[in-house]
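Everything on this sheet refers to the single structure shown next.
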Amino acid sequence: MRTRLTHSLEVQQVGRYIAKEVLSRLKELRLLEEYGLEELTGPFESVVEMACLMHDIGNPPFGHFGEAAINDWFRQRLAPGDALGQPLTDDRCEVQALRLHDGETSLNALRRKVRQDLCSFEGNAQGIRLVHTLMRMNLTWAQVGCILKYTRPAWWSEETPASHSYLMKKPGYYLAEEEYVARLRKELDLAPYNRFPLTWIMEAADDISYCVADLEDAVEKRIFSAEQLYQHLYDAWAVMKKARYFRR
(Lines give C-alpha, C1' and ligand atoms only; values in the text may rest on other atoms or scores of the structure.)
Protein backbone atom coordinates (compact mmCIF):
# COMPACT_ATOMS: atom_id res chain seq x y z
CA MET A 1 0.00 0.00 0.00
CA ARG A 2 1.26 3.45 -0.89
CA THR A 3 0.94 6.37 1.49
CA ARG A 4 1.80 10.04 1.08
CA LEU A 5 5.17 9.21 2.66
CA THR A 6 6.08 6.37 0.31
CA HIS A 7 4.90 8.44 -2.66
CA SER A 8 7.01 11.40 -1.54
CA LEU A 9 10.07 9.16 -1.17
CA GLU A 10 9.51 7.88 -4.70
CA VAL A 11 9.19 11.46 -5.97
CA GLN A 12 12.42 12.34 -4.18
CA GLN A 13 14.30 9.53 -5.93
CA VAL A 14 12.97 10.51 -9.35
CA GLY A 15 13.64 14.19 -8.67
CA ARG A 16 17.22 13.47 -7.67
CA TYR A 17 17.76 11.47 -10.85
CA ILE A 18 16.34 14.26 -13.04
CA ALA A 19 18.43 16.89 -11.25
CA LYS A 20 21.59 14.83 -11.75
CA GLU A 21 20.75 14.35 -15.43
CA VAL A 22 20.18 18.09 -15.90
CA LEU A 23 23.52 18.89 -14.28
CA SER A 24 25.25 16.19 -16.30
CA ARG A 25 23.90 17.59 -19.57
CA LEU A 26 24.88 21.13 -18.60
CA LYS A 27 28.37 19.90 -17.77
CA GLU A 28 28.67 18.18 -21.15
CA LEU A 29 27.63 21.42 -22.84
CA ARG A 30 29.99 23.40 -20.60
CA LEU A 31 27.16 25.56 -19.37
CA LEU A 32 27.51 25.10 -15.61
CA GLU A 33 29.74 28.13 -15.23
CA GLU A 34 27.60 30.25 -17.54
CA TYR A 35 24.52 29.53 -15.41
CA GLY A 36 26.41 30.05 -12.16
CA LEU A 37 26.02 26.42 -11.11
CA GLU A 38 29.64 25.28 -11.13
CA GLU A 39 29.87 25.29 -7.32
CA LEU A 40 26.16 24.80 -6.66
CA THR A 41 25.54 21.30 -7.99
CA GLY A 42 25.07 19.94 -4.45
CA PRO A 43 22.55 22.60 -3.41
CA PHE A 44 20.80 22.21 -6.79
CA GLU A 45 20.14 18.53 -6.05
CA SER A 46 19.30 19.16 -2.39
CA VAL A 47 16.69 21.82 -3.13
CA VAL A 48 15.00 19.54 -5.66
CA GLU A 49 15.00 16.61 -3.22
CA MET A 50 13.62 18.78 -0.43
CA ALA A 51 10.84 20.06 -2.67
CA CYS A 52 9.96 16.52 -3.73
CA LEU A 53 9.72 15.39 -0.11
CA MET A 54 7.55 18.38 0.83
CA HIS A 55 5.42 18.75 -2.28
CA ASP A 56 2.33 17.15 -0.68
CA ILE A 57 2.79 18.53 2.84
CA GLY A 58 -0.34 20.67 2.58
CA ASN A 59 -2.67 17.97 1.31
CA PRO A 60 -5.59 17.21 3.66
CA PRO A 61 -6.85 13.72 4.57
CA PHE A 62 -8.49 12.03 1.56
CA GLY A 63 -6.57 14.25 -0.88
CA HIS A 64 -8.69 16.03 -3.49
CA PHE A 65 -11.89 14.72 -1.88
CA GLY A 66 -10.75 16.37 1.35
CA GLU A 67 -10.12 19.64 -0.50
CA ALA A 68 -13.61 19.49 -1.99
CA ALA A 69 -15.18 18.81 1.43
CA ILE A 70 -13.37 21.76 3.04
CA ASN A 71 -14.35 24.11 0.22
CA ASP A 72 -17.94 22.91 0.32
CA TRP A 73 -18.09 23.56 4.07
CA PHE A 74 -16.92 27.15 3.61
CA ARG A 75 -19.15 27.81 0.61
CA GLN A 76 -22.23 26.69 2.49
CA ARG A 77 -21.46 29.23 5.22
CA LEU A 78 -20.01 32.09 3.20
CA ALA A 79 -21.91 31.56 -0.09
CA PRO A 80 -19.86 34.03 -2.18
CA GLY A 81 -21.61 32.95 -5.38
CA ASP A 82 -25.07 33.58 -3.95
CA ALA A 83 -24.04 36.87 -2.37
CA LEU A 84 -22.67 38.31 -5.59
CA GLY A 85 -25.97 37.73 -7.32
CA GLN A 86 -28.16 39.06 -4.50
CA PRO A 87 -28.91 42.57 -3.22
CA LEU A 88 -26.63 43.61 -0.37
CA THR A 89 -29.58 43.41 2.00
CA ASP A 90 -29.97 39.71 1.18
CA ASP A 91 -26.40 38.62 1.94
CA ARG A 92 -26.51 34.99 3.11
CA CYS A 93 -23.05 34.89 4.67
CA GLU A 94 -23.16 33.37 8.17
CA VAL A 95 -20.09 35.30 9.35
CA GLN A 96 -21.25 38.73 10.49
CA ALA A 97 -17.91 40.46 9.84
CA LEU A 98 -17.91 39.27 6.22
CA ARG A 99 -21.43 40.32 5.29
CA LEU A 100 -21.81 43.00 2.64
CA HIS A 101 -23.34 46.35 3.53
CA ASP A 102 -24.64 49.32 1.55
CA GLY A 103 -22.30 52.28 1.38
CA GLU A 104 -19.16 50.27 2.21
CA THR A 105 -17.69 49.77 -1.25
CA SER A 106 -14.05 49.30 -0.25
CA LEU A 107 -14.90 47.09 2.73
CA ASN A 108 -17.24 45.00 0.59
CA ALA A 109 -14.43 44.45 -1.92
CA LEU A 110 -12.19 43.22 0.92
CA ARG A 111 -14.95 41.01 2.31
CA ARG A 112 -15.48 39.39 -1.09
CA LYS A 113 -11.73 38.89 -1.38
CA VAL A 114 -11.54 37.17 2.02
CA ARG A 115 -14.56 35.02 1.30
CA GLN A 116 -13.16 33.90 -2.04
CA ASP A 117 -9.86 33.14 -0.32
CA LEU A 118 -11.52 31.01 2.37
CA CYS A 119 -13.55 29.10 -0.22
CA SER A 120 -10.42 28.19 -2.22
CA PHE A 121 -8.64 25.65 -0.03
CA GLU A 122 -5.94 23.87 -2.05
CA GLY A 123 -3.18 21.51 -0.92
CA ASN A 124 -0.33 23.36 -2.61
CA ALA A 125 -1.39 26.72 -1.16
CA GLN A 126 -1.77 25.07 2.24
CA GLY A 127 1.80 23.81 1.91
CA ILE A 128 3.06 27.39 1.63
CA ARG A 129 0.99 28.34 4.68
CA LEU A 130 2.37 25.41 6.67
CA VAL A 131 6.06 25.99 6.04
CA HIS A 132 5.87 29.76 6.54
CA THR A 133 2.94 30.83 8.70
CA LEU A 134 1.99 27.78 10.77
CA MET A 135 5.24 25.87 11.29
CA ARG A 136 7.65 28.78 10.74
CA MET A 137 10.28 26.47 9.28
CA ASN A 138 12.61 29.32 8.32
CA LEU A 139 13.44 27.83 4.92
CA THR A 140 15.46 29.64 2.28
CA TRP A 141 13.73 31.56 -0.49
CA ALA A 142 14.79 28.90 -3.01
CA GLN A 143 13.38 26.09 -0.89
CA VAL A 144 9.97 27.70 -0.56
CA GLY A 145 10.02 28.92 -4.15
CA CYS A 146 10.53 25.35 -5.28
CA ILE A 147 7.23 24.21 -3.71
CA LEU A 148 5.22 27.20 -5.00
CA LYS A 149 3.66 25.05 -7.70
CA TYR A 150 0.85 27.36 -8.81
CA THR A 151 1.06 31.13 -9.05
CA ARG A 152 -2.58 32.21 -8.79
CA PRO A 153 -3.68 33.89 -5.55
CA ALA A 154 -6.56 32.06 -3.87
CA TRP A 155 -8.71 35.21 -3.97
CA TRP A 156 -8.19 35.74 -7.72
CA SER A 157 -11.42 36.66 -9.49
CA GLU A 158 -10.14 38.16 -12.75
CA GLU A 159 -9.59 36.42 -16.06
CA THR A 160 -6.45 34.30 -16.08
CA PRO A 161 -3.75 35.48 -18.53
CA ALA A 162 -3.67 33.03 -21.44
CA SER A 163 0.12 32.84 -21.28
CA HIS A 164 -0.05 31.56 -17.70
CA SER A 165 -3.24 29.51 -17.81
CA TYR A 166 -1.45 26.34 -16.70
CA LEU A 167 0.48 27.92 -13.83
CA MET A 168 -2.67 29.66 -12.62
CA LYS A 169 -5.17 26.84 -12.99
CA LYS A 170 -5.25 26.35 -9.19
CA PRO A 171 -4.71 28.57 -6.15
CA GLY A 172 -1.04 28.71 -5.17
CA TYR A 173 -1.13 30.75 -1.98
CA TYR A 174 -3.56 32.44 0.37
CA LEU A 175 -4.22 36.03 1.37
CA ALA A 176 -2.34 35.46 4.64
CA GLU A 177 0.85 34.80 2.67
CA GLU A 178 0.41 37.58 0.10
CA GLU A 179 3.21 39.80 1.43
CA TYR A 180 5.52 36.84 1.99
CA VAL A 181 5.08 35.56 -1.58
CA ALA A 182 5.61 39.07 -2.94
CA ARG A 183 8.91 39.22 -1.03
CA LEU A 184 9.82 35.73 -2.25
CA ARG A 185 9.27 36.77 -5.87
CA LYS A 186 11.46 39.81 -5.37
CA GLU A 187 14.27 37.79 -3.75
CA LEU A 188 14.19 35.13 -6.47
CA ASP A 189 13.72 37.68 -9.26
CA LEU A 190 10.60 35.93 -10.57
CA ALA A 191 8.51 37.59 -13.24
CA PRO A 192 4.77 37.97 -12.48
CA TYR A 193 2.97 34.61 -12.27
CA ASN A 194 6.13 32.67 -13.19
CA ARG A 195 7.55 29.68 -11.35
CA PHE A 196 10.91 29.11 -9.78
CA PRO A 197 12.81 27.00 -12.38
CA LEU A 198 13.44 23.98 -10.13
CA THR A 199 9.71 23.64 -9.48
CA TRP A 200 9.39 22.15 -12.97
CA ILE A 201 11.72 19.31 -11.95
CA MET A 202 9.69 18.65 -8.81
CA GLU A 203 6.46 18.57 -10.80
CA ALA A 204 7.93 16.24 -13.43
CA ALA A 205 9.13 13.87 -10.71
CA ASP A 206 5.67 13.89 -9.13
CA ASP A 207 3.91 13.18 -12.43
CA ILE A 208 6.31 10.38 -13.32
CA SER A 209 6.01 8.81 -9.88
CA TYR A 210 2.25 8.64 -9.66
CA CYS A 211 1.88 7.50 -13.27
CA VAL A 212 4.36 4.67 -12.75
CA ALA A 213 2.71 3.83 -9.41
CA ASP A 214 -0.67 3.48 -11.13
CA LEU A 215 0.85 1.10 -13.68
CA GLU A 216 2.58 -0.92 -10.97
CA ASP A 217 -0.66 -1.18 -9.02
CA ALA A 218 -2.55 -2.27 -12.15
CA VAL A 219 -0.09 -5.13 -12.69
CA GLU A 220 -0.11 -6.07 -9.00
CA LYS A 221 -3.93 -6.14 -8.96
CA ARG A 222 -3.87 -8.21 -12.16
CA ILE A 223 -5.84 -5.68 -14.15
CA PHE A 224 -3.36 -6.55 -16.88
CA SER A 225 -0.09 -8.49 -16.98
CA ALA A 226 3.42 -7.09 -17.26
CA GLU A 227 3.53 -8.36 -20.85
CA GLN A 228 0.27 -6.57 -21.67
CA LEU A 229 1.63 -3.40 -20.06
CA TYR A 230 4.72 -3.62 -22.22
CA GLN A 231 2.56 -3.97 -25.33
CA HIS A 232 0.38 -1.00 -24.31
CA LEU A 233 3.49 1.15 -23.86
CA TYR A 234 4.95 -0.10 -27.12
CA ASP A 235 1.76 0.72 -29.03
CA ALA A 236 1.37 4.15 -27.42
CA TRP A 237 4.93 5.22 -28.10
CA ALA A 238 4.85 3.82 -31.62
CA VAL A 239 2.51 6.64 -32.58
CA MET A 240 4.99 9.27 -31.37
CA LYS A 241 8.48 7.83 -31.58
CA LYS A 242 8.19 4.69 -33.67
CA ALA A 243 8.51 2.67 -30.44
CA ARG A 244 12.27 3.13 -30.35
CA TYR A 245 12.15 3.25 -26.52
CA PHE A 246 10.58 -0.20 -26.33
CA ARG A 247 12.50 -2.37 -28.73
CA ARG A 248 12.72 -5.96 -27.65
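The values are calculated or read from the model by the stated rules, or taken from the named source; none is laboratory data. As the structure is a computational prediction, the values presented were derived from the model and not from experiment. Methodologically, a virtual Cβ is constructed for each residue, glycine included, from the backbone with ideal geometry; neighbour enumeration extends over all protein chains shown.
Data table
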item: Qualifying helices (runs of 4 or more DSSP H) (wholly inside region 165-248; at least 1 residues being closer than 18 Å to Val144 by Cα and either modelled with pLDDT under 95 or of a type outside the set (D, E, K, R) (or both)); result: 178-188, 197-220
item: Selected residue (criterion: surrounded by the fewest Cβ atoms within 10 Å (Cβ to Cβ)) from residues of region 108-152 that are of a type in the set (S, T, N, Q) and more than 27 Å from Phe65 (Cβ to Cβ); result: Asn138
item: Helices (runs of 4 or more DSSP H) enclosed by region 19-84 - at least 1 residues per element that are at pLDDT below 95 and surrounded by 13 or more Cβ atoms within 10 Å (Cβ to Cβ); result: 63-78, 80-84
item: Residue check, Tyr150 among the aromatic types (Phe, Trp, Tyr) and either assigned by TED's automatic domain parsing to the domain that holds Leu98 or out of contact with any Asp or Glu (no Cβ under 9 Å at 6 or more places or on another chain) (or both); result: no
item: Of all residues making up region 197-235, the number that are in the same structural domain as Ser8 (by TED's automatic domain parsing) and in contact with a Leu (Cβ under 8 Å, 6 or more places away or on another chain); result: 1
item: Residues of region 102-120 that turn out to be in a loop (DSSP other than H, G, I, E, B) and modelled with pLDDT of 90 or more, as a count; result: 4
item: Tabulated pairs, region 94-105, first in contact (Cβ under 8 Å) with a residue 60 or more places away in the chain, second among the basic types (Lys, Arg), C-beta under 9 angstrom, 6+ apart or interchain; result: none
item: Out of Arg195, Arg183, Arg152, sole residue that is in contact with a Pro (Cβ under 6 Å, 6 or more places away or on another chain) and either without any contact (Cβ under 8 Å) to a residue 60 or more places away in the chain or under 17 Å from Gly58 (Cβ atoms) (or both); result: Arg152
